[in-house]
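Trainee: Provided herewith is a single structure, encoded as structure tokens, for subsequent inquiry.
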Amino acid sequence: MITGLKFSANDVNLLYSCSEDGTVRIWDLRQNVQVGKLEDCSTGTPKPFCSFDVNLDDTLACCGTELFREDSFLLFWDLRSSKLLGGYWESHTDDITGVQFNPTESNVIASGSTDGLINVFDISQETEDDALLSTMSTDSSIDVFRWYSASNIACLTHIETIQLWDVSQARRLVAFSREDATSSFKRFGETDSAAILASLSTSQNEAVGVVVASRNGVTYLVTVEDNKELVVHSALSGVYKEQICKAYWDMENGVAVTCDESGLLSYWHSNSQVH
């Protein structure tokens, strides 16, 4: 199963795909062919990949694995040679559900896991102990996280909480529950406390957004304002057949894509007005 997709930051025709078969494959969309593959053959048995990322200059890739023979691995490759450079396996104790390079520092990477930890590393250091800069305990398992500035991380947990963190101090700035999210759109007559937090988004101006899908057929684009409150940006409704399960909100360009459980993909334009 494919567990991640990402376009190259420097070539729109290159697409990276990450899979549970223990490979990252590189595709040239102009020719519809595979032009590269990253894998770890050191144990003879592939380590299933849960997550991956590529740094800004397309020189380094990192994958996070499932728990494999009692260890969870962060593995690193040189993309210029497809050479496996090494890995870390002492900082997480369960599946690594997310990895993301810092938006400004190519040697800094964060990882999140179902063990509840978000770790930040400086991979220019020689050992894993020296590389570990910060550990943040969310008191839940990590669903998804994003850098929203060079020193701040936002995350969604599997118990439907939104958390914002100061990485340098390993300090939680704010935490919102699912009930907090649903109460933010009660002015629309919404009473569904079982809404799903479907995705997390960030923008270059350090904004944090969350897509919240209710069972009543409305999806809300919600922003975190001043690290203290949730504010509805837009309300999307009208075409769903089933419950929304996945979503993507491009906050920079004002568009969103949602997918419901029937497989229906919907594309939305959003702006500062609720519509």
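The values are calculated or read from the model by the stated rules, or taken from the named source; none is laboratory data. Note that the coordinates shown come from a computational prediction; the quantities given were computed from them, not determined experimentally. These area figures cover heavy atoms from the full protein model, side chains too; ligands, DNA and RNA do not enter into them. Shrake-Rupley method; radii C 1.70, N 1.55, O 1.52, S 1.80 Å.
Trainee: Would you kindly compute the Cα radius of gyration of the chain and its largest Cα-Cα separation (Dmax), both in Å?
Mentor: 18.9, 57
Trainee: Output the relative contact order of the chain, whole-number percent, from Cα pairs under 8 angstrom with separation of 6+ residues. Write down the numbers at each step before the final one.
Mentor: Details: 696 pairs, mean separation 21.6, N = 275.
This gives 8 percent for the chain.
Trainee: Apply the Karplus parameterisation 6.51 cos²θ - 1.76 cosθ + 1.60, with θ equal to phi minus 60°, to every residue of the stretch 101-118 and state each ³J(HN,Hα) to the nearest whole Hz, in sequence, with x for glycine and proline.
Mentor: 6, 4, x, 10, 10, 5, 8, 10, 9, 10, 9, x, 9, 6, 7, x, 9, 10
Trainee: Return the long-range amide H neighbours of Y148 (sequence gap of 5 or more, or a different chain), with a cut-off of under 5 Å between placed amide H atoms.
Mentor: Those lying under 5 Å, H to H, from Y148 are I153, A154.
Trainee: Calculate how large, on average over all directions, the projected area of the Cα convex hull of the stretch 107-194 is; give the answer in nm² to one decimal. Present the calculation step by step, with values, prior to reporting the outcome.
Mentor: On the way: hull surface 25.0 nm².
Taking a quarter of the hull surface, the average projection is 6.3 nm².
Trainee: Using each residue's phi in the stretch 120-135, evaluate 6.51 cos²θ - 1.76 cosθ + 1.60 at θ = phi - 60° and report the 3J(HN,Hα) Karplus result to the nearest Hz, with x for Gly and Pro.
Mentor: 10, 10, 9, 7, 6, 6, 7, 10, 4, 4, 5, 6, 5, 8, 7, 10
Trainee: Leaving out ligands, DNA and RNA, what percent of the accessible area of the chain is carbon and sulfur, probe 1.4 Å?
Mentor: Details: 6060 of 13150 Å².
Its accessible area is 46 percent carbon and sulfur atoms.
Trainee: Under 15 Å Cα-Cα from K186, which aspartates and glutamates qualify once same-chain neighbours fewer than 8 residues away are excluded?
Mentor: Excluding near neighbours in sequence, the set is E229.
Trainee: Straight-line reach from K228: which aspartates and glutamates have a Cα under 16 Å away, not including same-chain ones fewer than 8 places off?
Mentor: Candidates past the 8-residue exclusion: D166, E179, D180, E206.
Trainee: Once amide H atoms are built 1.01 Å from N in the peptide plane, which residues 5 or more positions from T65, or in another chain, come under 5 Å H to H?
Mentor: Residues meeting the criterion, in which the H sits 1.01 Å from N, are C50, F73, I96.
Trainee: May I ask you to give the solvent-accessible area per residue for the chain, in square angstrom, as obtained with a 1.4 angstrom probe?
Mentor: Values: 13150 Å² over 275 residues.
Value returned for the chain: 48 Å² of accessible area per residue.
Trainee: Tell me, what is a quarter of the convex hull surface for the C-alpha atoms of the stretch 226-268, in nm² with one decimal? It would help to have the intermediate numbers written out before the result.
Mentor: On the way: hull surface 14.9 nm².
Result: a mean projected hull area of 3.7 nm².
Trainee: For the stretch 49-204, what's the radius of gyration and Dmax over Cα atoms, in angstrom?
Mentor: Cα only, the stretch 49-204: 16.5, 56 Å (Rg, Dmax).
Trainee: Another question about this same structure. Cα-Cα over 30 Å: which of K47/K246; K37/K246; K83/K246?
Mentor: Details: K47/K246 26 Å; K37/K246 27 Å; K83/K246 34 Å.
From K47/K246; K37/K246; K83/K246, over 30 Å: K83/K246.
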